[in-house]
Amino acid sequence: QVQVVESGGGLVQAGGSLRLSCAASGSIFSINAMGWYRQSPGKQRELVATITRGGRTNYADSVRGQFTISRDNAKNRQYLQMNSLKPEDTAIYYCNAVDIEGRHWGQGIQVTVSS
C-alpha cells in the first residue's frame, strides 16, 4: 500500500512563491504517475499537474507557466513549485500517486494567498 504525505503549504502574499513537497512510502516501486490536485471552498477537486515516472508532465491551463511539477524517483518525492501566486490559487492541495491498485491520496495541505 502506498502512502503519501504533503508538506510546504502556508500563507503567502500575492506574487509570492511556495514549494510543496510530497513524500511517498510503502509500495513505492509500483507507483507510475504522481500529481497534484486542489480544492477551493465550494468547488470540486481539480487537477493541477501530473508527472509520470519518466518525467512527462501535464498541467491545467490555469497554472501552465506559473507552476512547475517535478519528481525525484530516488527520494520518492514529488514537488510543486508555485510562482506568482494569486488569491485564486488559495485551496487545499492534495498529493496523488497512481499504481495498479488505483489512486492514493494525501490528507491535503492548505495554501492561502493573501491579496
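Run down Asp72, Asp99 and say which single residue is modelled with pLDDT under 95, surrounded by fewer than 21 Cβ atoms within 10 Å (Cβ to Cβ) and touching a strand residue (DSSP E or B) at 6+ places or on another chain (Cβ under 7 Å). Explain how you work it out, then say what you get.
On the way: Asp72 fails: touching a strand residue (DSSP E or B) at 6+ places or on another chain (Cβ under 7 Å).
Result: Asp99 is the single residue among Asp72, Asp99 that is modelled with pLDDT under 95, surrounded by fewer than 21 Cβ atoms within 10 Å (Cβ to Cβ) and touching a strand residue (DSSP E or B) at 6+ places or on another chain (Cβ under 7 Å).
Regarding the range 25-33, can at least one residue be identified that is open to solvent by less than 40 Å² (accessible area, probe 1.4 Å), at pLDDT below 95 and in a loop (DSSP other than H, G, I, E, B)? First the steps, then the outcome.
Of the residues in the range 25-33, the ones open to solvent by less than 40 Å² (accessible area, probe 1.4 Å) are 28, 31, 33.
Filter once more, so that each one left must be at pLDDT below 95: 28, 31, 33.
Pick out the ones that are also in a loop (DSSP other than H, G, I, E, B) and you get 31, 33.
Checked against the condition, which is being open to solvent by less than 40 Å² (accessible area, probe 1.4 Å), at pLDDT below 95 and in a loop (DSSP other than H, G, I, E, B), the range 25-33 yields at least one hit.
Counting just the residues of the range 8-24 that are touching a residue at least 60 places away in the same chain (Cβ under 8 Å) and closer than 14 Å to Tyr94 by Cβ, which one comes out surrounded by the fewest Cβ atoms within 10 Å (Cβ to Cβ)? So that I can check it myself, show each step before the final result.
The first filter runs over the range 8-24 and keeps only residues touching a residue at least 60 places away in the same chain (Cβ under 8 Å), leaving 8-20, 22, 24.
Imposing the further condition that a residue be closer than 14 Å to Tyr94 by Cβ reduces the set to 8-9, 20, 22, 24.
Values: Gly8: 16, Gly9: 19, Leu20: 23, Cys22: 25, Ala24: 23.
Residue satisfying both the conditions and the ranking: Gly8.
Restricting to the range 13-24, name every residue that is within 17 Å of the chain's Cα centre (by Cα) and either of a type in the set (Asp, Glu) or not in a loop (DSSP other than H, G, I, E, B) (or both).
Matches in the range 13-24: Leu18, Arg19, Leu20, Ser21, Cys22, Ala23, Ala24.
The values are calculated or read from the model by the stated rules, or taken from the named source; none is laboratory data. Since we're looking at a predicted model, the values are computed, not measured. As a convention, Cβ positions derive from the backbone with ideal geometry for all residues, glycine included, and neighbour counts pool all protein chains shown. These area figures cover heavy atoms from the full protein model, side chains too; ligands, DNA and RNA do not enter into them. Shrake-Rupley method; radii C 1.70, N 1.55, O 1.52, S 1.80 Å.
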